[in-house]
Structures are given as structure tokens and as C-alpha cells.
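Note sheet for the following structure.
FYI, it's all coordinate maths here, none of it is from the lab. Everything numeric in this text was worked out from a predicted model, so none of it was measured. Every residue, glycine as well, gets a Cβ built from its backbone with ideal geometry; the counts of neighbours run over all protein chains shown.
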2 protein chains.
Amino acid sequence: MNSKQGTADSPDENFLYLTKAGIDTHQEPVVYMRSDCHVVRSEGFSAQGRVRVCIDGRSVIATLNIVTGELLSHQKAGLSDSAWKLLKAKEGDKATFKHALPVESMSFVRGKLYGKALGLEAARAIIGDISEARYSDIQLAAYVTACAGNNLNLDETIAITKAMVECGEHFDWGEGVQVLDKHCVGGLPGNRTTPIVVAIVAANGLMMPKTSSRAITSPAGTADTMETLTTVALSFERMREVVQEQGACLAWGGSVSLSPTDDIIIRVERALDLDSEGQLVASVISKKLAAGSTHVLIDIPVGPTAKVRSVELAQMLADLLVETGAALGMKVQILISDGSQPVGHGVGPALEARDVLAVLQRTKSAPEDLRERALTLAATMLEMGNACPPGRGLALATQTLDNGDAWKKFVAICEAQGGLKTPPVAPFQHSITAHKAGIVALFNNRVISRLASLAGAPNAVSAGIDLHVRLGDKVEKGQLLMTLHAEARGEMEYALDFYQSHLDVLHIEEEFV
Amino acid sequence: MNSKQGTADSPDENFLYLTKAGIDTHQEPVVYMRSDCHVVRSEGFSAQGRVRVCIDGRSVIATLNIVTGELLSHQKAGLSDSAWKLLKAKEGDKATFKHALPVESMSFVRGKLYGKALGLEAARAIIGDISEARYSDIQLAAYVTACAGNNLNLDETIAITKAMVECGEHFDWGEGVQVLDKHCVGGLPGNRTTPIVVAIVAANGLMMPKTSSRAITSPAGTADTMETLTTVALSFERMREVVQEQGACLAWGGSVSLSPTDDIIIRVERALDLDSEGQLVASVISKKLAAGSTHVLIDIPVGPTAKVRSVELAQMLADLLVETGAALGMKVQILISDGSQPVGHGVGPALEARDVLAVLQRTKSAPEDLRERALTLAATMLEMGNACPPGRGLALATQTLDNGDAWKKFVAICEAQGGLKTPPVAPFQHSITAHKAGIVALFNNRVISRLASLAGAPNAVSAGIDLHVRLGDKVEKGQLLMTLHAEARGEMEYALDFYQSHLDVLHIEEEFV
């Protein structure tokens, strides 16, 4: 099986010196090489091909962009910021290059598209490859799309959840310790109850090591909001210390690597504006399991323009959450809530943080609905955690908030995480007023979220919307309805353009005489 | 609805001078901008965001890569080769930049994932946006994935076919003119009958303006093979002239823009190694319709390792092809053929071209099976086109091949397209011999295709495999089974690595005494 012909060069000559290209391609690792360099020619690489870049036993798979100009010398290969970081490269490192072998786990994604369910082996292979950055962005898009909608059944969801937990770090708070957690299945702008609930629950001596995610398709996630108030990117050890000291934390899940593939998947879901019920359940439950939670309360707001549109859908999702949790040894309780309009006044990280502070500090401007929702959730959790007899949760939660204990606990947690900050205020603001008199009859949550996103949220933390009216309010022509907040002029204009073509953000119905 | 605050700068200041970045990102347009330039800061752009780049009323949507180093000055934005070409930019052009509005047609892709069928409106919106390069690579991946497998029904397939025809150019050969065409639903390495069939059919005075595609996931498409023999990238006008002069052509469909979205979709399907039956049918039928074909013969090879694995699947695909054709006024006939082993000796563009020449020139080394298959197809087409009475097609086809008329016609067509070339021979060759004696009992077409692809086919045109044995052949230990051909050392090594771990390319069964 031998007799080579013409393969003269030694493999040792197949190297280039690495240099930082100084290009941020976000998460996808990219390698830049000249079309006429010896490696591209001898290996037969072509643009957008997948190349394994190796130095000293370490390697990374990167997408090849071919340099057709004079950006690089013939002896160099450039790496994007992400490839540079993943490979832990240094300027001038000698690297070799190979065609990346096809990612074998993609065959499971292909099988899924032909109706073959994803078993545990498949889930482990896919999630493992994603966590090792072996999927290109288009492969991630294919996986996310294959799982989209309700294309994952219970067993598949359990398998993916297990695989996601296995490839990250875990907290272990000790045998028999009761660890509480909550989660909201987004879609309701401004529904930022978590910081309030954590403060109330922890003030009553229960353990609640809360990790939150950043926004997927919404203008803010709890991690985005909390980041305007304190440090949320805690290391694994730092988070453990905060919880041991305060009984709780309010950290970003991504930085503790509890479910490292989740952020990778979420970024592609966000770019495609695509959700998957099974992937959502796997994402939620895997993080709770990795955080060591034993009792989890999940809030599912339902409304015609919320993420979940009907009670039937909410029930389906609830079952999937409860059963996936149960299969993995976790008690999950569901609260289906009203999702017909945004919660509080602010939509966007800093504006929501302002509302949270108002509720905790019991100021006059505190939004009543945010307070009510937080109290209802905290009440259930106090009962789940046996901090009070059944039926007494609401009284205890209200007392904890009103006597200032919750605020004290919140400040203590923020101090432990690195100090309490004041949320920033956006430099650009624009008032939107009523074009006619009448009653506020309808909010379109999706359009509100989109509007806040276009204004820059969550990346621009002070951007978003400040709502000044609620369902049922009577408004005069010219009355202030909302204020748009943005950090950049272009984003404000972009949001205003969108608003002009989507006046259905809220609907004013004229009163009949 | 007014009262802006803080939006001081004039929009006119929001420009940068364009420069060619000299980076080939293949099809996805990319724009490079400094993280600290005034446009990125005022618009709030972030890495991998979608940006509309505008000059003088023209614009292109590009993916943003953020320059974190010193590649660009603050006054400049770089464009990838594809963005540069699409925008028809010139060095120093003054461009403005906006957030690209979300691609509205993606909502139809999302709907499809939730089980909502793609209607004509959806298909037109999606295909229109793809043809205008409004989809990013990950959005293309989501669309391709949503259509993958058998996820498109007949109505959806018809809708996509219509939309694909509408957005390209059309040939019109005149009222009532009979225009023949053929197609093979790939998956069988080396099955390069088209050039032979076109020569026989055209030599008998029938009109056959053949356009072919490049390989999707296989090591060669007919366009790849023909390109080693003559020019296949003909303009619309040039193709019309060739057909009017010769009654036929052998052109690449992509260059005449008959179905311009097809190549864009195919590139992503290839990168994901993903096929879609409906998309395949839409791809085939749309090209035939745009080429003005009225009668089309489609060859579906069936075998355990062919693209179509069972007669049932072939029949399903056949029905979809016939019905889609009928819905759009085209007569489609199907030939289900044996797909148990590769056809001819060569696999890869140049090696297959060599086999085609051998059959047309009736040399001793001409592969008998390729000749037989081509004659069977030509016979059916001669009957479809009424060049002979029913039942007389095979005799006429054989006569046309054996008396040299087909070869003469083939040479004339190639001359009309720009001259007949000699296919190149690969500089690197490697022999693979039998590791034991026995009978060749099985070919794995998929592994053979993969092996030829890894050796560089179709991009490296002379790369591929030359097979020296066929099913049922008795071989001795050490006997030559096949020769690998490659144009680059790296590709040869890559193919050999793969071969070592996939010895099931062909299976030798020991004889029992």
C-alpha cells in the first residue's frame, strides 16, 4: 500500500509564524493566510475552509480567510482575536496547518433532520464538540435550527441537558443541603424580579446561589441588568465565597463555566432570532443543576405578545421543565403569570436596574407591578424552602421587603461581589407622545423589545425604553407615553425609524361617548 | 412625537473612505472597521453585526469584523473581496453605514421550523433576499437546515422552484420548439454520462442546451468535468449562439444566471454536507425551466451507498420531480438505474473527462459501463424527442456513437465554446494495493467520494481516484486496486490518513475452498 511519488518536501517545512491579525470576529476563530504562501498552496486550502492550526501539541480549528492583498508576509499567518485566545498564541509562534477533519458529531445533526432522535451519545458528541469550539458558525446555525421550535422531545431534552451539565463546572454545596433557585422564561420586557426575590429569600436565611444569563433575543437579561449595579463576572471560587458569606449571589452564569456551551449556542440563536423549547429547557435546567440547585421555581409569563402566547403552550413547556428536572433529580415548580404588558417602567439593563432599586428602597416611584410579582415569587420560594408554614409566604416576603431587610441583604450581596454601583443614564433621550386621546388598550411586548434592542440594549447598557403609561390608562393627545434612551446617535435614529413603521408598540383606543 | 435631545452631529459626518481589505471571505460580504472609529462608536456597531454599506444609492449588507489592531486608519473601512465586488466599489469611495434592518423573510424560515408550510409569498421573499445577498452565512445555514431531508412537501417544492426561476434569466427557444435535457441525481462517483448523451442527441438534430452544476458534496459535477475539456463559463448570449450553431452546449449553469440563488445555497449545503430533497428538486427543475427545456430525463441511481439508497426513496423523489415539473408545464421522465458501484475508472473532474473522451473516441480503454449507461439514456431521449420510432432508440444511439458522429459533434460543441483542451494529470500519485486475495464484493460510494474530495476534487481538478477493479473481480494480494491523484502534498496526506481509517472503501471477500 505504498510507493509515494512526488511528495518530496519534509512536513517540517509546512509552518508559518503566527501574528495577531487584530480582527474581532466574535466567537468564530478565523485564520488569515496569503493565497500565494507555501502552506496554502501545498495543502490546497481554500477560502472558508476549516483549518487546524497547531503549536506545541495545542491546536484550534479556524475558518480560513484568504489574504489576497498585502496584509501579511509570506512567512506569516494571522489569527483573529478569538483564535488567538483559544490557542493561547504568542507573537512569532511557529505553527503548522492541516485540513481539519470533518466534525463527526455533525452526522447526528444530519440524522436529526431525517427524523432520528438525539440520544445521549449524540448529545454528548455535539455538545462536546461545541464546547471545544469545533463547530463553525454555520454548523452552530444548523444545530440550533435542527433543534428549533418544538423539535426536541423529552428524552432528547434530557440528553442535551445531561451533556451540557457534564461539560462544565459544578457547585456542590454539601450532602442534603437545600439550594433554591428561580428562573423566568423571558419574553416580558422589564420583568426583572430576580434581584428582589434573591434579596428576600436570602434575608430569610435560605441559600440561593443565583446565576443568570445575558439576553438571548430580549433587550436585557438579569446578568445584563445586575452588571449595571455590581460585578457579575465572578470566578468559580469568588462565587463560592460570596454564597458562603451571604447565602446568595447574583452572578453571570457564563463566567463560572457552569454550562459553557450555553453562551455559544445563545449567540447564534440571538443572531438568527430563533428559540428552541427543548434547547431552552436544557439551557435552564443544566445551569440549575450545575449550580447545585435542588428546588427551582420557574415563572412563565403568558400573553398574546409574550414569549409564551397561550396557557396550553405554557403548560407544555412547564411539563417539559418539570419532567426534565425530575429525570435529573431536581424539584421544579412552575408559576404561570400574566404576560399581557411590560413589567415596571424601564426596559433595558440600566433602566430595569433603576426600577429594581426603587422597589428594594421602597421609594414612591417604585413600580407596583414589579413589587407584586417579586413578592408572589418570593412567597412561593419561602414556602418551598420551609422558611415558613404553607400559606404564610406572602406575609413573610412582604414583611422582609417592607422592613428594609431585603434592601440590606441586596447591598451586602453587591458589596461582597465588588461594590454597589449606580446605573448609568443614557446621553440621548427622545420623548414619544400620544398622537390621539383615548385608553391604552394593548401593548405589543415583541415590538417593545425590538425597539429597545434597536436603541442599543443590552450591549449599550443605558439604552432602552422608559414607559410612562400602563394598560387601561386614559391619555390625552400629546401626553408623554414613553422615552427612548440610547448611547449613540445612530442607534437612536435606527430605533426611531423602526418606531415610525411600527406605531403598534401600544394601541390607544378612542373612547365612545 | 418629537423633541430630540443630544443628537447634535449632522448625519453627513457619518462616512468613511472605502479600501479593499484584500481578504477573500468567499461569498459572505464582510466589512472591516476600527473599534475606535467614529462610525462604529456613533452607530453602536458590534462584531458580527450586520451593517448596510452605502455609496451613491447602491448598498450592500455586510457582516462587521471589528479591527482591534492597526490594520486600518480611523478614516477608512475595508471591504472583503465579495463585498467589494457586490458594491462595485472603487478605492477611496465615500461610504455611509447603517444598521441593516432585520431580514424580514427570515420570519418565514422561523415559521417553517414551527411547522408552517412555505407558500409562494414566503418562497419569493426568501429566494429574493438570498439572490440579493441579504442573508448572512448563518441565515443561509438556517434556511438550508430548515429545508433539509424531506422537510419540504410538493407545494413547497413547487413554490421554491417558481421563486428560483423568477429571480434568474430565462432562455426562450421559440413557441412550440422541443427542447431536451437530462439530469442525474448524483451520488454515484464517475457517472459522467452527460457529455456523451448530449453529443449523441445533438448529432441526431435534437436541441439540447445543457447547463450543469458544480459538485455539491461529490468530488465532481458535470460542469467541473467539462471545465477540464473546454470553457464552461459562457455568457447568456454566448450560450445562445453556441446552441443556435450546434443545437447543443455543455455549459455551467451558474455563469448564465439561470438560477442564481442555487450556487449560493449549494455552497452552504456543501459546507454542512447536507442535502434537501425538496431543495434538490427545486434546484434541478428551476434550472431546466430557465433553460427553456420542455422534455427532461432524470437518472436516479439507486444503491446501498448511492445518494438514493432504496427504490422506494427513488420513487418518492421521482414523483416529486415529475409532479413539480408537471405543475410548471414540463414533461419529466425518470430512469431508475443501478448505483451499486462507481461508473467508469476515474473519480474527479479530469479523470472523469479522460473516461468520457475514451468512450466518445471508442478507444480500447473506454469503460464499458459508462458507455452502456450513456447509450441507455441517449436511447430514451432520442425516443422522447421523436428522432426515431419507439423501441429504436438504442440502435440509433449505438450507431451514432460507433460511426464517430457523436465524437464529431462533441468536438464541434467544444470548439464552439472556446476550443477542446486536454485534461491535466495530477503531479502526486499514490498506488493502493490489495492487502489480501479474494473477490471485490462491495464498493462504498460515499467513502470513495469522500476520499476523492479529500484528495482535492473538485477544486483541484486533476485530483481524485483511478479505480482499477470492479465488483466481482478476482484480485491477488498486492494487486493494484486504485491510484490516488492529488495536486498538493498536504491533500494527498490528508486523503491517505482518511484511507487508513476507512479501509472499507472496497471490501475484498476471501474465497472459500
Practice prompt. Shielding by partners for A:108-116, please: the mean number of other protein chain Cβ atoms within 10 Å of each residue's Cβ.
Written response: 4
Worksheet item: How many nanometers, to one decimal and shortest first, lie between the label point of B:A233 and those of its other copies, if labels sit 7 Å from Cα toward Cβ?
Response: 4.5
Practice prompt. Name the long-range amide H neighbours of B:S35: under 5 Å, sequence gap of 5 or more, or other chain; modelled H, no Pro or chain starts.
Written response: B:V67
Worksheet entry | Sum of -39500 (n - 2.57) over DSSP H runs of 4+, divided by residues of chain B (222 nm, nearest 500) | -12000 deg cm²/dmol
Discussion item. Please list, ordered by chain and number, the residues whose modelled amide H lies under 5 Å from the amide H of A:K76; skip anything fewer than 5 residues away on the same chain.
Written reply: A:Y17
Discussion item. Assume the label is 7 Å from Cα along Cα to beta carbon: what separations in nm does B:G391 have to the matching positions in the other copies?
Written reply: 9.5
Worksheet, complete the sentence: In order over region B:223-236: 3J(HN,Hα) from phi, Karplus 6.51/-1.76/1.60, θ = phi - 60°, whole Hz, x for each Gly or Pro, gives 5, 5, 5, 5, 5, 7, 10, 6, 7, 10, 7, 9, 6, 3
Worksheet, complete the sentence: Per DSSP, the loop-located chymotrypsin sites (Phe, Trp or Tyr not before Pro) within region A:95-134 having at most 16 other beta carbons within 10 Å are A:Y114
Worksheet, complete the sentence: Listed with the fewest Cβ neighbours within 10 Å leading, B:L335, B:L370 appear as B:L335, B:L370
Worksheet item: On a 0 to 90 degree scale, rounded to 10, what angle separates helix B:260-272 from the longest Cα axis of chain B?
Response: 80 degrees
Practice prompt. Arrange the peptides B:349-360, A:119-130 so that the one whose residues have, on average, the most other Cβ atoms within 10 Å appears first.
Written response: B:349-360, A:119-130
Worksheet entry | Euclidean distance between Cα centres, region A:354-378 to region A:155-213, Å | 21 Å
Item to complete: Considering the options B:I23, B:A77, B:S105, tell which one lies farthest towards the positive end of the dipole of region B:1-134, charges being +1 on Lys and Arg and -1 on Asp and Glu at the Cβ, about the Cα centre.
Response: B:S105
Discussion item. So if I take the centroid of the Cα atoms in region B:429-494 and the same for region A:243-272, what is the distance between those two points in Å?
Written reply: 49 Å
Fill in: Placed amide H near A:D338: partners under 5 Å, 5+ positions off or other chain
A:V302
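Just checking the output field for B:483-492: average partner chain Cβ neighbours within 10 Å of each residue's Cβ? Working shown, then result.
Numbers: counts 2, 1, 0, 3, 3, 7, 11, 14, 5, 5.
Mean shielding by partner chains, rounded to a whole number: 5.
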Practice prompt. Please determine, in degrees from 0 to 90 and to the nearest 10, the orientation of helix A:405-417 with respect to the longest principal axis defined by the Cα atoms of chain A, where the helix direction is its Cα long axis.
Written response: 20 degrees
Item to complete: Please give the peptides B:190-198, A:59-67 ranked by average Cβ packing (other Cβ atoms within 10 Å per residue), highest first, as a rough proxy for protection.
Response: B:190-198, A:59-67
Worksheet item: Among A:H468, B:H26, which comes first, second and so on when ranked by fewest other beta-carbon atoms within 10 Å?
Response: A:H468, B:H26
Worksheet item: So what J values fall out for region A:328-336 if you push phi through Karplus, 6.51 cos²θ - 1.76 cosθ + 1.60 with θ = phi - 60°, rounded to Hz, Gly and Pro as x?
Response: 10, x, 10, 8, 10, 10, 10, 10, 8
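Assuming R0 = 30 Å, what is the FRET efficiency of A:L328 and B:E312, from their Cβ-Cβ distance, to the nearest 0.05?
The calculated FRET efficiency here is 0.15.
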Practice prompt. Run the quick spin-label model on A:C388 and B:E415: label points 7 Å from Cα toward the beta carbon, then report their separation in nm to one decimal.
Written response: 9.8 nm
Worksheet, complete the sentence: Sorted shortest first, the nm distances from the A:D56 label point (7 Å along Cα→Cβ) to its counterparts in the other copies are 5.3
Worksheet item: In nm, to one decimal, how far is the A:L503 label point from the B:N153 one, both placed 7 Å along Cα→Cβ?
Response: 3.9 nm
Worksheet entry | Order by protection proxy (mean Cβ within 10 Å, highest first), peptides A:444-456, B:252-264, A:418-430, B:27-39 | A:444-456, B:252-264, B:27-39, A:418-430
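Give me the inter-chain shielding for A:131-143: mean count of other chain Cβ atoms within 10 Å, whole number please.
Averaged over the peptide's residues, the number is 5.
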Worksheet item: When the Karplus curve 6.51 cos²θ - 1.76 cosθ + 1.60 is applied with θ = phi - 60°, which whole-Hz ³J(HN,Hα) does each residue of region A:70-85 get, with x for Gly and Pro?
Response: 10, 4, 10, 7, 5, 8, 10, 10, x, 10, 5, 3, 5, 5, 4, 5
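Sort B:T305, A:T145, A:T68 by Cβ crowding within 10 Å, fewest neighbours at the top.
A:T68, B:T305, A:T145
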